[in-house]
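Engineer: Mind having a look at this structure? Questions to follow.
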Amino acid sequence: MIFVFHLNGNWKPFVRPPVSPHGRKISTFATRAPYRPNPVGLSCVELERIEKNLLFVRKCDLLDGTPVLDIKPYVPAADAFPDSRVPWLNEASAAEYKVAIMPSAMEKIIFLREIGAVDLENFVRVQLATDPVNASRKRVVPDGEGRFFIGCRTWQIVFFIENDQVVVADVLSHYPEKELADGSDVYGDKAFHRAFLEKFRGC
C-alpha cells in the first residue's frame, strides 16, 4: 500500500529509530522513519476481504484518515530478498531483550486486534526489545515497585524486567472514566475502549 505521511510537516536527515544501536542516530534513508523529504510511504498489509469495491486490510501501520495513493500486490518472487541485511539493525538486534507476554495480557491484546482497535503485540515487541525503560525516547513511567507503564496511543501497557527478558503483564485503557463518558471522540477510538472495559472490567 502506497500512502502519504500527511501529518509530517518537516523532515530530518538523521533519526533515532526505536531499535537504534546504543541510541545513536541513523540516516533517514537507512530507516523506515516517516520524517522524509518526500512524504510518500510504503507499507505491507494483509488483505482481509473484498466487498464490492471496498478492500478491507489489516496489520497496517497507518493512522486513521491516512490518504492512500495506490495498492499493489506483494509478489514474493520479485519483492522478497531474504539474504539482504541492514548492518545497523543487526547490531541493535544483538542487544535486544526477549519480550514475553503473560496469558492474561495476551487475551486483551488479541481482543483489541480482533475488534480492529490496535495491534499492541507488534508495538510491545518492537518498543520493549531495546532500551525498554528509556524515558527520554519512550512514553515510559515507573511505578516505583519494579513495574513500568508505556503508552501506545490511548492505551497503556504494564511491564517489568526479569533477568534478560521484558514481561508484559497487563493492558489498560488510558481514558479516565469521566472523559470516556463524554460525547467528544478526538481519536475515534472510544467505542473500542468501552467494549474493552465491558469485557475485562474487574480483571
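The values are calculated or read from the model by the stated rules, or taken from the named source; none is laboratory data. What you are looking at is a predicted structure, and each value in this text was computed from that prediction instead of being measured. A quick note on method: Cβ atoms are made from the backbone with ideal geometry, for glycine too, and the neighbour counts reach across all protein chains shown. Accessible surface is based on the protein model in full, side chains and every heavy atom, while ligands, DNA and RNA are left aside. Shrake-Rupley method; radii C 1.70, N 1.55, O 1.52, S 1.80 Å.
Engineer: Out of 69, 54, 62, which single residue is out of contact with any Leu (no Cβ under 8 Å at 6 or more places or on another chain) and surrounded by 16 or more Cβ atoms within 10 Å (Cβ to Cβ)?
Structural biologist: So the residue among 69, 54, 62 that is out of contact with any Leu (no Cβ under 8 Å at 6 or more places or on another chain) and surrounded by 16 or more Cβ atoms within 10 Å (Cβ to Cβ) is 62.
Engineer: Testing residue 121 on (1) surrounded by 12 or more Cβ atoms within 10 Å (Cβ to Cβ); (2) without any contact (Cβ under 8 Å) to a residue 24 or more places away in the chain; (3) over 17 Å from residue 200 (Cβ atoms), one condition comes back false. Which one is that?
Structural biologist: Of everything listed in (1) surrounded by 12 or more Cβ atoms within 10 Å (Cβ to Cβ); (2) without any contact (Cβ under 8 Å) to a residue 24 or more places away in the chain; (3) over 17 Å from residue 200 (Cβ atoms), residue 121 misses just condition (3).
Engineer: Take residues that are closer than 19 Å to residue 64 by Cβ, open to solvent by less than 60 Å² (accessible area, probe 1.4 Å) and without any contact (Cβ under 8 Å) to a residue 60 or more places away in the chain and tell me which of the strands (runs of 3 or more DSSP E) falling wholly in the range 127-193 contain 2 or more.
Structural biologist: Here the list reads 147-152.
Engineer: Something else now. Return a yes/no flag: does the range 72-90 have any residue that is over 15 Å from the mean Cα position of the chain (by Cα) and more than 24 Å from residue 42 (Cβ to Cβ).
Structural biologist: Checking the range 72-90: not a single residue is over 15 Å from the mean Cα position of the chain (by Cα) and more than 24 Å from residue 42 (Cβ to Cβ).
Engineer: Within the range 194-203, take every residue that is assigned to a loop (DSSP other than H, G, I, E, B) and of a type outside the set (A, V, I, L, M, F, W, C) and give me the one that is modelled with the lowest pLDDT.
Structural biologist: The selected residue is 202.
Engineer: Within the range 107-116, how many residues are of a type outside the set (Asp, Glu) and more than 15 Å from the chain's Cα centre (by Cα)?
Structural biologist: Final tally of qualifying residues: 3.
Engineer: Here is a further query. Do you know which residues across the range 1-40 are open to solvent by 40 Å² or more (accessible area, probe 1.4 Å), without any contact (Cβ under 8 Å) to a residue 24 or more places away in the chain and in a strand (DSSP E or B)?
Structural biologist: 14, 27
Engineer: Can you confirm whether residue 62 is at pLDDT below 90 and assigned to a helix (DSSP H, G or I)?
Structural biologist: No, not satisfied.
Engineer: Which numbered condition in (1) in contact with a helix residue (DSSP H, G or I) (Cβ under 8 Å, 6 or more places away or on another chain); (2) at negative phi is the only one that residue 127 fails?
Structural biologist: For residue 127, the failing item is (1).
Engineer: Could you check the range 112-162 and list, in sequence order, the residues that are touching a strand residue (DSSP E or B) at 6+ places or on another chain (Cβ under 7 Å) and among the basic types (Lys, Arg)?
Structural biologist: Across the range 112-162, the qualifying residues are 125, 138, 139, 147.
Engineer: Kindly establish whether residue 100 is out of contact with any Cys (no Cβ under 8 Å at 6 or more places or on another chain), modelled with pLDDT of 90 or more and surrounded by 14 or more Cβ atoms within 10 Å (Cβ to Cβ).
Structural biologist: Considered against the rule, which asks whether it is out of contact with any Cys (no Cβ under 8 Å at 6 or more places or on another chain), modelled with pLDDT of 90 or more and surrounded by 14 or more Cβ atoms within 10 Å (Cβ to Cβ), residue 100 comes out as yes.
Engineer: Scan the range 194-203 residue by residue and report those that are open to solvent by 50 Å² or more (accessible area, probe 1.4 Å) and more than 23 Å from residue 65 (Cα to Cα).
Structural biologist: Those that are open to solvent by 50 Å² or more (accessible area, probe 1.4 Å) and more than 23 Å from residue 65 (Cα to Cα): 198, 199, 201, 202, 203.
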